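The values are calculated or read from the model by the stated rules, or taken from the named source; none is laboratory data. Computed from a prediction, not measured in an experiment: that's the story for all the values here. Here the Cβ positions follow ideal geometry from the backbone for every residue, glycine too, while neighbour counts run over all protein chains shown. Heads up: the accessible areas ignore ligands, DNA and RNA and are worked out on the full protein's heavy atoms, side chains in. Shrake-Rupley method; radii C 1.70, N 1.55, O 1.52, S 1.80 Å.
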Amino acid sequence: MKLNQIADKPGARKKRMRIGRGIGSGMGKTGGRGGKGQTARSGVRIKGFEGGQMPLHRRLAKRGFRNTPFALVLNEINVGKVQAAIDAGLIDDKALVDAAAMVKAGLMRREKGGVKLLGDGEIKTKVDFSVWRASKSAVAAVEKAGGSVKILAPAKEEDAVPKGKNKRMALEAAKGGKGGDKPKGGKPKAEAEGEQKPAEQ
C-alpha cells in the first residue's frame with residue numbers, strides 16, 4: 001500500500017455547500033444570510049450590543065442566592081440495574097446494598113452525595129438497601145420481593161406555623177376560624193349600601 005492509495009471511508013469527506021448558485025440549490029440568492037441590512041453582512045454581533053454603552057445585563061445588579069454550588073448531587077439507580085448486577089454476581093444479595101457496594105459493582109463511578117433508588121425495572125431477589133432517598137415505586141418493588149429500604153436522608157420537619165398567607169388561611173379555615181370567611185370587598189355589603197345613601201334634608 002502506498003500513501004496515495006490511503007483514503008477515508010465513503011461519506012467521511014463531504015463537499016462544502018456552494019451557496020448563491022441558483023434557487024434550485026436551496027441556497028441561492030441571499031445564500032442563507034436573510035434579508036438586507038446589518039444581518040446580511042459577516043462579522044455581525046447585534047445581540048446585547050447597545051452602541052458601546054454598558055449593556056443592560058451588566059448594568060443590573062446581581063441579586064439573590066443560588067444553591068447550585070451547594071446542591072446535593074445524587075446517583076439515580078433503578079432497581080432493574082441492581083437486579084442485573086445481582087444476576088451477574090457483582091452484588092452479594094445477602095449483604096446490605098449501599099452506595100459503596102454499587103460503586104464496587106460498577107453501577108456508578110463514585111458515591112457523590114448518595115444514591116436515589118428508582119423503581120424502573122423488576123427486582124426478584126430479597127435485598128436490603130441503604131440509600132439516601134428512594135421513590136415510592138422502588139420501595140414498593142423491593143418490599144414486594146421481601147426486602148427492605150433504609151432511607152438515610154433526614155425527615156423533613158413541618159413548621160409549627162405554615163409559611164405563606166394562603167397556607168395559614170387554609171389552616172385557620174380547617175380549624176373553624178374566621179380566616180377563610182373574610183369578604184374580599186373589605187366592608188360587608190349592608191354597611192356599604194348604608195354609607196352610599198344620601199342624608200335626607
Only one of these conditions is not met by Lys156: (1) touching an Asp or Glu at 6+ places or on another chain (Cβ under 9 Å); (2) of a type in the set (Lys, Arg); (3) under 25 Å from Val73 (Cβ atoms); (4) part of a loop (DSSP other than H, G, I, E, B). Which number is it? (1)
Given the criteria within 24 Å of Ala88 (Cβ to Cβ), outside any strand (DSSP E or B) and either among the small types (Gly, Ala, Ser) or open to solvent by 100 Å² or more (accessible area, probe 1.4 Å) (or both), does Ala138 qualify? yes
Condition test on Lys36, is it of a type in the set (Lys, Arg) and either loosely packed, with under 10 Cβ neighbours inside 10 Å or farther than 14 Å from Val131 by Cα (or both)? yes
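On the basis of being open to solvent by less than 100 Å² (accessible area, probe 1.4 Å), at pLDDT 95 or above and either among the basic types (Lys, Arg) or over 22 Å from the mean Cα position of the chain (by Cα) (or both), does Val103 make the cut? Before the answer, list the steps.
Numbers: open to solvent by less than 100 Å² (accessible area, probe 1.4 Å): yes; at pLDDT 95 or above: yes; either among the basic types (Lys, Arg) or over 22 Å from the mean Cα position of the chain (by Cα) (or both): yes.
Judged against the criteria, Val103 is a match.
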Only residues that are under 18 Å from the mean Cα position of the chain (by Cα) and in a strand (DSSP E or B): list them for the stretch 121-135, please. Arg133, Ala134
Please work out if Lys150 is open to solvent by 90 Å² or more (accessible area, probe 1.4 Å) and at pLDDT below 95. no
List, please: which pairs have Cβ atoms under 9 Å, are six or more places apart or on different chains, and start with a residue in the stretch 38-67 that is of a type outside the set (Gly, Ala, Ser) and modelled with pLDDT under 85 and end with one that is surrounded by 10 or more Cβ atoms within 10 Å (Cβ to Cβ) and in a loop (DSSP other than H, G, I, E, B)? Gln38/Val44; Thr39/Arg33; Arg41/Arg33; Phe49/Pro55
Checking Val73 against (1) without any contact (Cβ under 8 Å) to a residue 12 or more places away in the chain; (2) surrounded by fewer than 12 Cβ atoms within 10 Å (Cβ to Cβ), which single condition isn't satisfied? (1)
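Among the residues of the stretch 113-127, is there at least one that is among the polar types (S, T, N, Q), at pLDDT 90 or above and loosely packed, with under 12 Cβ neighbours inside 10 Å? Steps first, answer last, please.
To start, the set of residues in the stretch 113-127 that are among the polar types (S, T, N, Q) comprises 125.
Adding the requirement that they be at pLDDT 90 or above leaves 125.
When the remaining residues are screened for being loosely packed, with under 12 Cβ neighbours inside 10 Å, the result is none.
No, there is no match, as no residue in the stretch 113-127 is among the polar types (S, T, N, Q), at pLDDT 90 or above and loosely packed, with under 12 Cβ neighbours inside 10 Å.
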